[in-house]
Amino acid sequence: MKNYLVLDIGGSSIKYALMNEVAEFLDKGSVKTPLDCIESLVETIGQIYDAFQSDIEGIAISMPGVLDSATGYAYSGGWLEYNSGQNIIDVLKKRCNTVITIENDAKCAASAELGFGSLKGCKDAVVIVLGTGVGGGVIIDGKVHKGRHSFAGEFSFMRMNCNQIDVKNHVWGFKNGAPALAEKVANIKGLPVEEVNGLFIFELANSGDEQVLTILDEFTKWVAMQIIDIQCVIDPELVAIGGGISAQPLLIELIQKHLDAMQENFGFYKPSVKVVPCEFRNDANLIGALYAFLSKEL
């Protein structure tokens with residue numbers, strides 16, 4: 001059975017896995033994502049490749065940005081801006097002499113959930129990944145929709161203030177990314193932001209901390225409002241929430257609570273929509289990247 005090195009490049013860490021062709025995990029690990037330049041990223045990936053190169057048929061990569069998966073070109077690097085304007089496959093092949101594929105991280109998550117997870121059998125659905133930013137995957141007629149320029153599902157860049165549309169912190173990615181949530185909790189608790197993560201936040205919330213519950217209530221209300229905007233365009237039957245914090249039942253409960261309340265006060269006809277957690281959670285991008293590799297004609 002053939003094995004593959006699969007990478008999920010995020011804004012804070014690179015998760016890697018040795019996987020076989022039926023998506024079984026044979027080895028897993030993670031390293032910190034370099035934030036300075038593409039050369040550092042290439043060398044970090046190269047060192048992971050060195051450890052596995054004799055056992056693999058190629059590298060499958062999930063990463064942020066507006067990506068042409070057919071050519072390897074990054075129109076935008078997303079939260080890793082140094083990747084913008086680079087042909088990621090060409091650059092990596094100079095260090096890693098193997099077959100390489102890339103795909104947008106949220107589109108990988110959508111592929112994994114559509115094929116094998118919480119969205120299996122859905123014709124029209126949406127994946128929203130609450131990570132460093134807000135990733136998106138749009139499923140139309142049973143297929144992950146990319147759009148003319150591979151820009152479909154780039155939810156992070158949806159504007160949330162019509163009076164200051166050119167200000168970065170008024171986009172959805174800054175409002176509902178995990179760093180924004182951590183920063184608010186850190187500020188109210190008087191802690192360094194680097195000491196606050198999703199696990200810590202939900203431990204406080206689940207123990208009844210009123211300050212954190214208030215922050216989470218506002219955070220999930222913004223998610224619900226954006227879901228309604230997406231409904232008006234796509235009309236999905238399900239919305240799957242991904243990212244590390246999606247493993248917390250309270251998050252899903254609060255989003256659904258706000259959606260139901262807005263449904264009652266919408267003022268016009270609007271169909272209801274159910275929110276579910278991504279089944280594969282932190283592994284969704286890895287599984288989706290592998291299947292993107294296996295389905296590509298090499």
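The values are calculated or read from the model by the stated rules, or taken from the named source; none is laboratory data. Quick caveat, the model's predicted, so the values are computed rather than measured. Here the Cβ is made from the backbone with ideal geometry for all residues, glycine too, and neighbour counts use every protein chain on show. Surface areas here come from the heavy atoms of the whole protein model, side chains and all, with no ligands, DNA or RNA. Shrake-Rupley method; radii C 1.70, N 1.55, O 1.52, S 1.80 Å.
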Seminar exercise, completed: In region 175-188, anything part of a helix (DSSP H, G or I) and surrounded by 17 or more Cβ atoms within 10 Å (Cβ to Cβ) is listed as Lys175, Asn176, Ala178, Pro179, Ala180, Leu181, Ala182, Lys184, Val185, Ala186
Problem set entry | Looking only at region 227-243, and only at residues there that are in a helix (DSSP H, G or I) and in contact with a strand residue (DSSP E or B) (Cβ under 8 Å, 6 or more places away or on another chain), the one that is farthest from Lys189 (Cα to Cα) | Ile234
For this session: Would you point out the residue of region 262-285, among those that are among the small types (Gly, Ala, Ser) and surrounded by fewer than 20 Cβ atoms within 10 Å (Cβ to Cβ), that is farthest from the chain's Cα centre (by Cα)?
Result: Gly267
For this session: Kindly list the number of the only condition in (1) within 18 Å of Asp124 (Cβ to Cβ); (2) assigned to a helix (DSSP H, G or I); (3) under 21 Å from the mean Cα position of the chain (by Cα) that fails for Leu259.
Result: (3)
Exercise. Has region 155-171 got at least one residue that is modelled with pLDDT of 90 or more, open to solvent by less than 10 Å² (accessible area, probe 1.4 Å) and either part of a loop (DSSP other than H, G, I, E, B) or not hydroxyl-bearing (Ser, Thr, Tyr) (or both)?
Worked result: no
Problem set entry | Residues within region 213-223 that are open to solvent by 40 Å² or more (accessible area, probe 1.4 Å) and not hydroxyl-bearing (Ser, Thr, Tyr), tallied | 5
Exercise. So which residues in region 1-28 are part of a strand (DSSP E or B), open to solvent by 10 Å² or more (accessible area, probe 1.4 Å) and more than 16 Å from Leu41 (Cα to Cα)?
Worked result: Asn3, Tyr4, Leu18, Phe25, Leu26, Asp27, Lys28
Exercise. Do we have any residue at all in region 243-261 that's touching a His at 6+ places or on another chain (Cβ under 8 Å), at pLDDT 90 or above, open to solvent by less than 40 Å² (accessible area, probe 1.4 Å) and assigned by the TED database to the domain that holds Lys175?
Worked result: no
For this session: Could you check, for region 194-212, whether at least one of its residues is touching a residue at least 40 places away in the same chain (Cβ under 8 Å), closer than 27 Å to Asn104 by Cα and open to solvent by less than 20 Å² (accessible area, probe 1.4 Å)?
Result: no
Exercise. What about Gly78, is it modelled with pLDDT of 90 or more and small (Gly, Ala, Ser)?
Worked result: no
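Quick grid of which residues meet (1) exposed (fewer than 13 other Cβ atoms within 10 Å of the Cβ); (2) touching a residue at least 40 places away in the same chain (Cβ under 8 Å):
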{"site": "Asp36", "(1), (2)": "yes, yes"}
{"site": "Ser40", "(1), (2)": "no, no"}
{"site": "Ile45", "(1), (2)": "no, yes"}
{"site": "Gly65", "(1), (2)": "no, no"}
{"site": "Trp79", "(1), (2)": "no, yes"}
{"site": "Tyr82", "(1), (2)": "no, yes"}
{"site": "Glu103", "(1), (2)": "no, yes"}
{"site": "Ala106", "(1), (2)": "no, yes"}
{"site": "Val126", "(1), (2)": "no, yes"}
